[in-house]
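To start, the structure itself, in structure tokens.
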4 protein chains.
Amino acid sequence: MTRYEFKSIGQRLSNWGRWGADDQRGTLNFLTPQVRLDAARSVRTGQVFELSIPIGRDGPQQADGGAVGRINPVHLMSVHPGDFDRPDGMVGADDYIFMPLQAATHWDGLAHIGYDGLLYNGVPANSIRSMDGAKRHAIDQSLPGVVGRGILLDIARLHGRDWLAPSHPITPDELDEAVKQQNLTVRSGDVLLVRTGWRRKALVEGWHGWMETEPGLTVDCAGWLSEREISAVASDNWAIETQPAGEAWIPLHCVLIRDMGMTLGENFNLEELSEACAADGRWDLLLSAPALRILGGTGSPVSPIAIR
Amino acid sequence: MTRYEFKSIGQRLSNWGRWGADDQRGTLNFLTPQVRLDAARSVRTGQVFELSIPIGRDGPQQADGGAVGRINPVHLMSVHPGDFDRPDGMVGADDYIFMPLQAATHWDGLAHIGYDGLLYNGVPANSIRSMDGAKRHAIDQSLPGVVGRGILLDIARLHGRDWLAPSHPITPDELDEAVKQQNLTVRSGDVLLVRTGWRRKALVEGWHGWMETEPGLTVDCAGWLSEREISAVASDNWAIETQPAGEAWIPLHCVLIRDMGMTLGENFNLEELSEACAADGRWDLLLSAPALRILGGTGSPVSPIAIR
Amino acid sequence: MTRYEFKSIGQRLSNWGRWGADDQRGTLNFLTPQVRLDAARSVRTGQVFELSIPIGRDGPQQADGGAVGRINPVHLMSVHPGDFDRPDGMVGADDYIFMPLQAATHWDGLAHIGYDGLLYNGVPANSIRSMDGAKRHAIDQSLPGVVGRGILLDIARLHGRDWLAPSHPITPDELDEAVKQQNLTVRSGDVLLVRTGWRRKALVEGWHGWMETEPGLTVDCAGWLSEREISAVASDNWAIETQPAGEAWIPLHCVLIRDMGMTLGENFNLEELSEACAADGRWDLLLSAPALRILGGTGSPVSPIAIR
Amino acid sequence: MTRYEFKSIGQRLSNWGRWGADDQRGTLNFLTPQVRLDAARSVRTGQVFELSIPIGRDGPQQADGGAVGRINPVHLMSVHPGDFDRPDGMVGADDYIFMPLQAATHWDGLAHIGYDGLLYNGVPANSIRSMDGAKRHAIDQSLPGVVGRGILLDIARLHGRDWLAPSHPITPDELDEAVKQQNLTVRSGDVLLVRTGWRRKALVEGWHGWMETEPGLTVDCAGWLSEREISAVASDNWAIETQPAGEAWIPLHCVLIRDMGMTLGENFNLEELSEACAADGRWDLLLSAPALRILGGTGSPVSPIAIR
């Protein structure tokens, strides 16, 4: 019996070996061609939403909230039209970005979190090198990535609020209630998008303290995700799970990423999408949200596309 | 009469004002909900391809070929599992990227190129600032970006080659020939993907000289793209157009981006996709290729998704 | 008569053409071999002080104080001992820095500030390019840089305070008073170090608001510096001059850098040095504070060495 | 008996514990106030040389020679005069640098190299963290750093050559010969500067292959440095020691840094200095070459100042 509850849950829900000893894709294995085909066929209007927050200096990584040394992205011009004086009159502009891969809207890959020395599928955590990043489970190995059917559970709306209360713990029962109220059928391979409204809170009240007391999923939701063969989960807060989380800092991360091999999406913008879904009562969509092909990466920025 | 032919072509094909004086999306305006709906409905197998080249140190930006000061992306670990010694045994890994937005597979946005002091739709080129990038036509303004029907014209295969000869000029007639041989119907809003095979050449022969003598579209192709209301064009070379290009360095860039308001995709990987399309004779697909939401950016890395 | 007083002062004190139309070193021209020889000979104890603040994440560039988009330096490991598994047992560590050149202790070079379209010596401000930085007056052109006799005027101590009051304006008369009380003789070529104590305030009270209300030199001090043929001036605040400054944001910068061709040092740490000087009543020293040889740079981080 | 000769040498010359179990400065401890006083007093003309190579894109880190993932520095403008439109007419320019700390002229600190799991003075190599760099022996701990008497041994000139032959091994006997021919007296605390001429070779022939076959010191020179209480050694090649080095990749690094606690300077520019010294036959100087105060750093760029 382990000292931490999340490790018991992790053992119970473990997907190690499920898709082979060398598997690096984890629950993305639930995304089959049929799943994608069905999702494409379910598109009804051709309406599209892009679900990322801006990549720039006014992001979540504030001095009193930036986690593990993250900063907000820095964008610098490397070429400016004023640099040119060509006979053909052409001018150009070019630029660079310097950013933590997880600064804004992003996926946490399977090399991002482990415990007791191991990553998903028993890969030693110290197989990650400074020199070239993650040797196994790098984010480029997830490609083509999260492409399939997405379902949006709007928990803030379930409670009739713009955003959930600080540290509100979203339980499996609440997920079921939202499924029921939103008339959804959950299917194998679905990508779960959870709206807490926490992004709206940031827009209205600022980023101060945004990370430390966020509403989010409880560690028990891991079982709910497992039973339904969810391929990935994303939310509009910084860490999916409620903060503080109880017995450990980010226990749900540990179970989902390390034991179940599930990639997590964070800092999504679900505001406009939720309005559109609420307007016509349809909460499922075709989701295309691949990571960038960053060799050795532990995560990646993403521009998630929802077509409905 | 202008001294440069490309400027005459540009004036003839200009889309300035077509979608309003404040328009920042250019030919992306051809991407309507109906276009996306039809594209989603055309998905047949649920097969998916991600069309980017790796983001890492062995990319196209070599010392003797890197354009305008671009380097290959630099990926650095900021957090390593070895940093941790927590009671709960959790370990993590986190990382940063430093890269030119156009180092690998990317979109050139409408702030990337102009001439005679102006960008698309008459926006002054010097409205771009070092301090905050592009004030108008920034890449984040393109979002949700390139989402619609993609058609792949495999010009290398048309000529029975793994890759086209250096500086091979792809003419409108060749595009028509490929359309015919590939049994395609070109529709308004289509995203044109052009395969030159030049990526395969890089994999086999290395990057040396890859940019200076690439095969690609001639400036006359601008009219072909305009007549068919193509929303965007992408290729597997570094600059879409043939190099050298004749009277100017990148005249097709000037016409497409500055006069027509068309975003260009470069460094795409079309190898596996072309094999699959050749196998079943179907060359159209649902394409989702949004830029990252980089405020003020002139371009963006992208992981283009093709579902067929 | 110009509308701004600082422009009148600047015209009066202008060094344009003084050292030739192509001069890029400005008042550094006062640093002659004789000046350096005398400074070396004045060393009495061999005691040494390094005058920089730490380069790291807890620096002056805070969210509510960072000027013009500066951030605090970001230090990232690129190689870690854990990466190695060599027969000879060797391990290594390597790292990168990403920083604004002016994030911590630094020199402002002659390309950093101009007005009315011109830099020092009439160089057009737009000769600076994004592509390769400053064409003239780049910081590498200042090398070997600030090497000569330094004199420390401790204005905080003059007023019997740990640090001067917010926005305290240091006048020429105060500089004279300090010279007198500290028994100094000011000589041609001297590098003036001014202690406001504002760094100590940051250490005690934090960085919040550190920039907006700093004590510092008034624009009238430009004449004092000019008369004495001061080669460079540095201080322990962020901008040398008092903030707010009155009629313009940083008028002393404009006069010193643009009109007089004087490089400015900012964010110096003068705490330990001032204690040592106060202890034995000697306030002059040999100063070696070259910039880094950054091609095209507008400024540079520096580790100023004072030997006494 | 160890399997590697360099480990035997290292054990024999070890300075572990010599300056206490917590010492982080190693042979910099030979730099006393008296040493610095004597060096200052030996200044004769006030002539000054700055000994760094340019920090920019055309540096030693070429695609076929860059070691351990280093690139050449990238300099980007963050603010440009064209960004401004102020009533007072002021314009500014600001910039960033992104660089490996060891890309150009630099010091290797005591956290840079270890073997058999340990750094200098028995500090575990894995005490270095990605999250915050070197916990002990960080480069900021070296400050005020290398300030003292420098002696230049021009081995290229000794052999009557512009630069030594590839892989030329500089032996202790050659160092003695140069001392004798250059009429030098070596003193405790001296900083040894060794000229191989390899920089001149790079300027004339380019950087290709510059690292793999450099002339440099043999591992036996460690004893020579130890006997004379040299405080630091620097050279105009990339790794001080001859390449290839024989039984290990960089054995002299291992002995000097890990066993003796000596900081190494690399990529120095000794060309102009050597010409001046040859002209008047004086090869000693006052050297001021502090690292930047980079918290947690393993090394640092430097602008070494020689005053003679």
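For this structure, a couple of remarks:
- If you sort C:Trp249, C:Trp207 by accessible surface, 1.4 Å probe, largest first, the order is C:Trp249, C:Trp207.
- For B:Phe6, solvent-accessible area (1.4 Å; no DNA, RNA or ligand), Å²: 0
- Ordered from largest to smallest accessible area (heavy atoms of protein chains, 1.4 Å probe), the residues D:His208, C:His106 come out as D:His208, C:His106.
- Inter-copy label distances at C:Gln34, using a point 7 Å along Cα-to-Cβ, come to 3.5, 8.7, 9.4 nm with the shortest given first.
- Distance between the stretch D:221-236 and the stretch A:106-148 - C-alpha centres, whole angstrom: 44
- Label points for A:Arg161 are taken 7 Å from Cα along Cα→Cβ. From this copy to the others they lie 4.7, 6.4, 7.6 nm apart, shortest first.
- Averaged over C:282-288, number of beta-carbon atoms from partner chains that fall within 10 Å: 3
- Remark: mean inter-chain Cβ contacts per residue of B:3-16 equal 1, using a 10 Å Cβ-Cβ cutoff to other protein chain atoms.
- The mean number of Cβ atoms from other chains found within 10 Å of a Cβ in peptide D:123-129 is 5, as a whole number.
- Sequence of B:Lys7, B:Lys135 from largest to smallest accessible area, 1.4 Å probe: B:Lys135, B:Lys7
- Between the amide H of B:Gly216 and those of B:His168, B:Ile170, B:Thr242, B:Gln243, distances stay under 5 Å, these residues lying 5 or more places away or on another chain, with hydrogens modeled in the peptide plane.
- For chain B, built as a Gaussian network whose Cα springs stay under 10 Å, the top-fluctuating residue of B:Asp154, B:Asp22, B:Asp280: B:Asp280
- Convex hull projection area averaged over all views, the stretch D:1-154, Cα basis, nm²: 16.1
- Look at the dipole of chain A built from charges on Cβ: of A:Gln47, A:Tyr115, A:Asn237, the Cα furthest out on the positive end belongs to A:Tyr115.
- Its DSSP H runs of at least 4 residues, each contributing -39,500 (n - 2.57), put the calculated 222 nm mean residue ellipticity of chain D at -5000 deg cm²/dmol, to the nearest 500.
- Tensor-based shape of the stretch C:1-83 (alpha-carbon gyration tensor, a/c under 1.5 rounded, otherwise prolate or oblate): oblate
- Residue of chain A nearest the A-to-D rotation axis [by Cβ], rounded angstrom distance: A:Leu76, 2
- Per-copy distances of the B:Thr185 label point, shortest first, in nm (7 angstrom along Cα→Cβ): 3.2, 9.7, 9.8
- Largest GNM mean-square fluctuation among C:Pro54, C:Pro172, C:Pro81, using chain C with Cα springs under 10 Å: C:Pro81.
- Sum of side-chain charges, D:His253 neighbourhood, beta-carbon under 12 Å (Lys, Arg +1; Asp, Glu -1): -4
- The alpha-carbon positions of the stretch D:213-252 define a convex hull whose volume is 62 Å³ per residue.
- 3J(HN,Hα) from dihedral phi, the stretch C:292-308, Karplus parametrisation 6.51/-1.76/1.60, rounded to Hz, x for glycine, proline: 6, 7, 8, 4, x, x, 9, x, 6, x, 8, 10, x, 10, 10, 10, 9
- Springs join every pair of Cα atoms under 10 Å in this Gaussian network model of chain A, and among A:Ala278, A:Ala289, A:Ala165 the largest mean-square fluctuation is at A:Ala278.
- Per-residue Karplus couplings for the stretch D:279-286, computed as 6.51 cos²θ - 1.76 cosθ + 1.60 with θ equal to phi - 60°, are listed in order as 5, 10, x, 10, 10, 10, 6, 8 Hz, Gly and Pro entered as x.
- Taking amide H atoms as placed 1.01 Å from N in the peptide plane, the amide H of A:Gly150 lies under 5 Å from those of A:Val191, A:Leu285, A:Leu286, A:Leu287, each 5 or more residues away in sequence or on another chain.
- Along principal axes, Cα extents of the stretch D:161-275, largest first, whole Å: 37, 33, 21
- Prolate/oblate/rounded label for the stretch B:71-204 (Cα gyration tensor, a/c 1.5): oblate
- Considering chain A at the alpha-carbon level, its Rg and Dmax are found to be 19.6, 76 Å.
- The shape of the protein assembly as shown can be summarised by an equivalent ellipsoid whose semi-axes, obtained from the alpha carbon gyration tensor, come to 52, 35, 32 Å from longest to shortest.
The values are calculated or read from the model by the stated rules, or taken from the named source; none is laboratory data. All values reported here derive from a predicted model rather than from experimental measurement. Positions of Cβ are generated from backbone atoms using ideal geometry, with glycine treated the same way; all protein chains shown enter the neighbour counts. Just the protein is used for accessible areas: all its heavy atoms, side chains included, with ligands, DNA and RNA removed. Shrake-Rupley method; radii C 1.70, N 1.55, O 1.52, S 1.80 Å.
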